[in-house]
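Taking it in order: structure first as structure tokens, then the write-up.
Here, each number is a calculation from the coordinates, and none is a lab measurement. Please read all numbers here as calculations on a predicted model, not as lab measurements. No Cβ is skipped: glycine too gets one built from the backbone with ideal geometry, and neighbour counts run over all protein chains shown.
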Amino acid sequence: MCNIILLGPPGAGKGTLAKQLISVYNIPHISTGDMFREAIKDGTPLGRLAASYINEGHLVPDEVTISLVRERLSQKDCEHGYLLDGFPRTLPQAEALDTIGKDLKRPIRVVINITADEEELVRRISGRRVCRKCGTPYHIDTMRPKEEGVCDACGGEIYQRKDDTKESLLVRLNHYYADTKPLEDYYAKHGVLYEVDSTVGPKKSLKIAQKIIEGAKCD
Ligand code: AP5
Ligand code: MG
């Protein structure tokens, strides 16, 4: 299978596409955002540190995030492919991931850059709700669960993320343009960058992503 990155601004649909892809390819979904939220819920020292950045929309420091991902990618379940969602987000993170990929012999083969215009991102984030247990995203207008407040996938409680406020989204978007968007160039130069325009909707986005993955050179 393939080692894959999902890149894109807040609300692009990284989590939504990730959930669909892992059910097709049966590889681990590694979302740094979900890992931080889990640590916050558990009240660990990492959680306390992460909360001070995430709630305001800022990025957690590179060294913290990189060591978390290095540890996760070295686990056995990543041997036959993995899907990164929300990592890397800065140039130092991308460079560190190259080193980690070489060290572990698990290099990145496909980077899917998910796009949507800013007006759509704001609409999605302001109406988003998420499962507290498994992280599946919903939307109050367009992607409602079958039963109000209950996750279709695991029965968990659906809630609104603390960083899904207008103020925090603005900060997150600024970080995206300044720190993450330059990674498009970085991966284009590596010859592994592909694009999915998510405004075609979740079902079509999945089909396009599958075509990309199946056409890529993966071991
Ligand atoms: P993270 O949890 O990764 O948040 P994000 O990047 O801001 O992205 P989102 O989860 O908000 O959006 P998404 O692209 O997953 O969209 P979704 O599928 O939910 O990170 C949170 C924070 O953690 C960061 O701000 C930072 O502080 C910290 N952090 C994480 N990683 C870090 C790192 N590497 N370095 C440093 N700090 C880090 O969809 C959104 C909505 O749209 C949903 O309502 C969904 O139903 C709907 N939707 C999705 N796809 C479609 C579609 N195709 N058509 C219509 N609607 C759709
Ligand atoms: Mg997400």
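Can you list the residues, at least 5 places off or on another chain, whose amide H is less than 5 Å from the amide H of H139, using H built in the peptide plane?
R129, R144
Quick one: the Cα spread of the stretch 1-135 along its three principal axes, in angstroms, biggest first?
Its Cα atoms span 40, 33, 29 Å along the three principal axes.
What whole-number value in cubic angstrom gives the convex hull volume per residue for the C-alpha atoms of the stretch 127-167?
59 Å³
Any idea what diffusion coefficient the stretch 79-219 gets from Stokes-Einstein, in µm²/s, Kirkwood Rh on alpha carbon pairs, 20 °C, 1.002 mPa s?
125 µm²/s
So if we plug the beta-carbon distance of E195 and E148 into 1/(1 + (r/R0)^6) with R0 = 30 Å, what FRET efficiency do we get, rounded to 0.05?
0.30
When the Karplus curve 6.51 cos²θ - 1.76 cosθ + 1.60 is applied with θ = phi - 60°, which whole-Hz ³J(HN,Hα) does each residue of the stretch 199-206 get, with x for Gly and Pro?
The phi angles translate into 6, 6, x, x, 5, 5, 4, 4 Hz.
Within straight cross-link reach of K133, meaning Cα distance under 26 Å, which lysines are found once same-chain residues fewer than 8 apart are removed?
K14, K19, K41, K76, K146, K162, K166, K203
Could you give me D for the stretch 87-147, from Stokes-Einstein at 37 °C and 0.692 mPa s, where the hydrodynamic radius is the Kirkwood radius over C-alpha pairs? Units µm² s⁻¹, please.
Answer, rounded: 224 µm²/s.
Apply the Karplus parameterisation 6.51 cos²θ - 1.76 cosθ + 1.60, with θ equal to phi minus 60°, to every residue of the stretch 89-102 and state each ³J(HN,Hα) to the nearest whole Hz, in sequence, with x for glycine and proline.
3J(HN,Hα) across the stretch 89-102, in whole Hz: 10, 9, 4, x, 5, 5, 5, 5, 5, 4, 5, 4, x, 5.
So who's got an amide H within less than 5 Å of the one on L7, skipping anything under 5 residues away but keeping other chains? H placed 1.01 Å off N, in plane.
I112, N113, I114
What fraction of the DSSP beta bridges in the chain is antiparallel, stated in percent and rounded to the nearest 5?
Antiparallel bridges: around 35 percent, rounded to the nearest 5.
How would L121, L91 line up from fewest to most surrounding beta-carbon atoms within 10 angstrom?
By the 10 Å Cβ count, ascending, the order reads L91, L121.
For the stretch 130-198, just run the numbers: alpha carbon Rg, then divide by 2.2 N^0.38 Å, N being how many residues it has.
1.49
Give me a comma-separated list of calculated 3J(HN,Hα) values for the stretch 48-65, in order, Karplus coefficients 6.51, -1.76, 1.60 applied at θ = phi - 60°, integers in Hz, x for any Gly or Pro.
Coupling constants for the stretch 48-65: 5, 5, 4, 4, 5, 9, 4, 4, 8, x, 8, 7, 5, x, 3, 4, 5, 5 Hz.
Let's test the formula: R0 of 45 Å, r as the Cβ-Cβ distance of K204 and R132. What FRET efficiency results, to the nearest 0.05?
After rounding, the FRET efficiency stands at 0.95.
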